[in-house]
Every structure is written in structure tokens, then in C-alpha cells.
Amino acid sequence: MVGVSRMEKVVLVDDDADVRRVAEFRLKAAGYDVMTASDGEAGLQLIRAERPRVVLLDLMMPKIHGYAVLQHIRSDPTLRGVRVIVTSAKTYAADIQKAKDVGADDYLAKPYDLNLLVEKVRAALDAAGPRVTVRFWGTRGSIPTPGPRTIRYGGNTACVEIRCGSMIMMLDCGTGAREMGLALQREFEGRPVDVSVFVGHTHWDHIQGFPFFMPAYVPGTRLTIHSLRGSDKSLEKIFTGQMDSSYFPVTASDLMARLQFVELDGTVKLGDATVSHVYLNHPGMAIGFRIDIGKKSVVYISDHEPYHRLSGDNEHNRKLDREIDEFARGADLYIREAQYTDEEYPGKRGWGHSTWSDALESAHEANVNLLALYHHDPMHDDDFIDRVVSECRAAMQRRGMNFVCFAAADNLELTL
């Protein structure tokens, strides 16, 4: 199935109307989707709303100076993959170096040649590599938690979508899979899609959205479901068994999609993506995934209890924990289960989950760029998760940790 082609988005922020008009015309002629803003404040709002691949940013602007806009971009995890080219009439070496120190990827002195502008944008896109988008459809653990107390972070259970070109990947298919399926139905107007599903383990909160994934009822859709073989039954029997008439009114035989079940024994190649897995410490069979696409990497570790916490702090267990850290080494995005606080853990020991401090330590040891706290406990409402994030960031500051930490939320989308 061929994916929808998209023009690359470019946002141009400059208070000079003539510069905006001429540059916009030339970039559109080169095939880019160009949006403009006339001051730093409007530009930042536009960048946050559109999440472009490239920003052309003037420095000396009203309302918010270009340096401040750049700092906001670099501190926002949802804008992590944005390439920024500073455009300015200031050509002092000190100004060029400062812009790059703040986070600019390139510097273009004004007045600039329009063909050189196009070359700079094209080079920025080439340096960024393929567009990889990650969208969270379900971030809750254990059981769905709808209601007014979970509006901001969401109440759907585990489901994450990864896109690169025409490739569509789903990590786990908890209740968030329903929302993902509906979005795909709208995007592709009911046409068949090709989705590769990777399931970390088959507990209810990670598979219960499968019968509600609407593309599965569309003839021509292809769903390839990857996971481990169960200890006493096949992957296919586990999935189709939840649609037995004792539990569900629609049987697996009613699904119109072509289903393929792949019991993993090594890495999987999907176009430009390589998917590898690692065993996790959770009751039953559980694995985490690493997706490498060009220079981009996403690591997904859900439902994992550190070995040293469960079985004693000794060198053997620390070695097993380090294997998880090595698996996540250098990830652009580390999606890590962090269900409990340290105070809650003693009463939950042996249930197969981590604390937020475990997630921080692993992210620090693995030297990742972004840490998404994931698999939120059903007892933790929005305000509780806000406090967890605040405590994480305070701990990071005390420890000198320099990655970006945030809490995953339903419908949050990132571009890497």
C-alpha cells in the first residue's frame, strides 16, 4: 500500500515583509509547504502548531528575539527533530557562534541568494534523515482509566504508532488501538492499509484493543503481528482466543484483513527500519523493542521490573539491568515504563514494573536524548503525573542529567 506523500513543511520567521514574500515564493517553487510569521511570538506559536521540519529564523525581531525562540524550540521535546537555520544581517563571528551554541544547525547571512537558501533547506532535510513520527494513542497501564481526572494524559492502555514514509508500525495494541484505527480510517478514507504490529507481551492491557481496530475489518488490509510464542500456545491462538464467543460477540473469522502472525526469533527488517528485541523482567513472556531508521532510533521498554530491585542488589542482577541500558544506548526517544513512585514500590514488588527513578537511571546510563515516562498507573491522575514529572526534573538537575524528560500522553505526537 502506498502512503500519502507530504510536502516538507518550512516555517519562515522574519519581521521584514519583503524578505518573507520573496523567500516564500522561491521555496514554494522548490516544492516546499511554506508558512510565515512576522515576529518571534507568532513564529513560536506557528512552529509549535505545525511542527515543521525546517525553520528559517531571523534574530532581531519584535516580541521575542530569535535566540529566545531558538531556546524554546530546543527545550520542547515535541520539536526535537526540527532543523533551524538562523538568517540574519549580523555577520560577526561571535554572533554566528552564539547562534550555533544556542542550537542553530546553520547560519545564513542576509541578504542571501535565493538559490543558496533552497540549497540550505535541502541540506538541512538531508542531514535530518527520514522523517520519523511517533504518536502515543494509549499511555496507561493495567486498565483503562477514562474520566475527568485523566483528561490531559489520557486513559487508554498501551499503543504507540511509528511512521516513516509509507511504513506504519504499531507498538502494542491496548485500548489506544481503537483510536489509532479510527484515525487511519479517516486518513485513508476506508481504503486498506498495511500495519506491522509489535506486541511486547499479551497481557490484557496490551492486546485488548485488537478487536476494536477498525482496519482489521477492511478487505485488503494487511496486519502482521510480531511477538514471542506463548509458553503454552501459539501467538495466533492467544490473539484469536480473546475473540472467543465466551468473551466477545465477534469472532476472529469475521475479520476481513489478511492476518499474519510472526513469532520472533531475531531482528525484523521493514523497509529502512530494523526492529530488534530484548527480554524484559515481567511475569510471563515479555520483550522490549528497538526501532532503528537511518540515524534515528526509538526504544520501547514497557512492563519491566529491574532485576536488582526484585531479586537483590548483586553483580549478576546489575549485569542484567545493564543489558537493558545497553539496548537503549543512544536512543533518540526512550519510551520507558515508570508506573510507580519509589514510595509505592515496596507494596508492588514482584508485579513486574519500574519506578520513575528506575527510568531516569536507565535513561542516564544509556545516554538517550528524550525520555518518555510511560504506562501510567491507573491510580495516578493528571495532577499526580504532573508532580512525578516535576520530581523527575528536580532529580535530573541534582544529578546533572541532561536528557529531556516528559510524561507520554494520549494523542501526543513527536517528530524525530
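Out of the residues in the stretch 257-281 that are part of a loop (DSSP other than H, G, I, E, B) and either touching a residue at least 40 places away in the same chain (Cβ under 8 Å) or not assigned by TED's automatic domain parsing to the domain that holds Ser302 (or both), state the one that is farthest from Arg191 (Cα to Cα). Steps first, please.
Step one: filter the stretch 257-281 for residues part of a loop (DSSP other than H, G, I, E, B), giving 257, 264-267, 271-272, 280-281.
From the residues that got through so far, the ones that are either touching a residue at least 40 places away in the same chain (Cβ under 8 Å) or not assigned by TED's automatic domain parsing to the domain that holds Ser302 (or both) too are 257, 271-272, 280-281.
Working: Ala257: 12, Gly271: 21, Asp272: 24, Leu280: 37, Asn281: 39 Å.
By that ranking, first place goes to Asn281.
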Taking the stretch 45-104 and the residues there that are acidic (Asp, Glu) and in contact with a helix residue (DSSP H, G or I) (Cβ under 8 Å, 6 or more places away or on another chain), the one that is modelled with the lowest pLDDT would be Asp76
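Conditions tested, residue by residue: (1) of a type in the set (A, V, I, L, M, F, W, C); (2) out of contact with any Phe, Trp or Tyr (no Cβ under 6 Å at 6 or more places or on another chain).
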position: Gly155; (1), (2): no, yes
position: Leu171; (1), (2): yes, no
position: Gly174; (1), (2): no, yes
position: Leu182; (1), (2): yes, yes
position: Gly190; (1), (2): no, yes
position: Asp205; (1), (2): no, yes
position: Gln208; (1), (2): no, yes
When (1) part of a helix (DSSP H, G or I); (2) free of Cβ contacts under 8 Å to residues at least 60 places away in the same chain are applied to Ala331, the one that fails is (1)
Selection from the stretch 295-314 of residues touching a helix residue (DSSP H, G or I) at 6+ places or on another chain (Cβ under 9 Å) and surrounded by fewer than 17 Cβ atoms within 10 Å (Cβ to Cβ) yields Lys295, Leu310, Ser311, Asn314
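Taking the criterion of being of a type outside the set (Gly, Ala, Ser), at pLDDT below 90 and not in a strand (DSSP E or B), would at least one residue in the stretch 219-229 satisfy it? Before the answer, list the steps.
Narrowing the stretch 219-229 to residues of a type outside the set (Gly, Ala, Ser): 219, 221-226, 228-229.
Next cut, at pLDDT below 90 only: 229.
With the extra rule that they be not in a strand (DSSP E or B), the set shrinks to 229.
The answer is yes; a qualifying residue exists.
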For Asp292, the lone unmet condition from (1) crowded, with 20+ Cβ neighbours inside 10 Å; (2) within 15 Å of the chain's Cα centre (by Cα); (3) of a type outside the set (Phe, Trp, Tyr) is (1)
Being assigned to a loop (DSSP other than H, G, I, E, B), in the same structural domain as Arg140 (by TED's automatic domain parsing), of a type in the set (A, V, I, L, M) and more than 30 Å from Leu320 (Cα to Cα) narrows Met243, Met285 down to just Met243
Over the stretch 128-157, the set of residues in contact (Cβ under 8 Å) with a residue 60 or more places away in the chain, assigned to a strand (DSSP E or B) and surrounded by 21 or more Cβ atoms within 10 Å (Cβ to Cβ) is Val134, Phe136, Trp137, Gly138, Arg140
>> Would you confirm whether or not the stretch 249-256 contains a residue that is at pLDDT 90 or above, under 26 Å from the mean Cα position of the chain (by Cα) and assigned by TED's automatic domain parsing to the domain that holds Val160?
In response: no
The residue that is farthest from the chain's Cα centre (by Cα), considering only those in the stretch 325-365 that are acidic (Asp, Glu) and buried (at least 24 other Cβ atoms within 10 Å of the Cβ), is Asp358
Discussion item. Among the residues in the stretch 117-137, are any closer than 30 Å to Tyr67 by Cβ, in contact with a strand residue (DSSP E or B) (Cβ under 6 Å, 6 or more places away or on another chain) and among the aromatic types (Phe, Trp, Tyr)?
Written reply: no
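Take the conditions without any contact (Cβ under 8 Å) to a residue 60 or more places away in the chain, over 27 Å from Gly155 (Cβ atoms), hydrophobic (A, V, I, L, M, F, W, C) and touching a Phe, Trp or Tyr at 6+ places or on another chain (Cβ under 6 Å) and apply them to Leu320. Does it pass?
On the way: without any contact (Cβ under 8 Å) to a residue 60 or more places away in the chain: yes; over 27 Å from Gly155 (Cβ atoms): yes; hydrophobic (A, V, I, L, M, F, W, C): yes; touching a Phe, Trp or Tyr at 6+ places or on another chain (Cβ under 6 Å): yes.
The answer is yes for Leu320.
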Exercise for review: Would you check if Leu125 is at pLDDT 95 or above, surrounded by fewer than 21 Cβ atoms within 10 Å (Cβ to Cβ) and under 30 Å from Val22 (Cα atoms)?
Suggested key: no
Among the residues of the stretch 342-359, the number that are out of contact with any strand residue (DSSP E or B) (no Cβ under 7 Å at 6 or more places or on another chain) and within 19 Å of Arg398 (Cα to Cα) is 2
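The values are calculated or read from the model by the stated rules, or taken from the named source; none is laboratory data. The structure presented is a predicted model; accordingly, all values stated were derived computationally and were not measured. Note: ideal-geometry Cβ built from the backbone for every residue, glycine included; neighbour counts use all protein chains shown.
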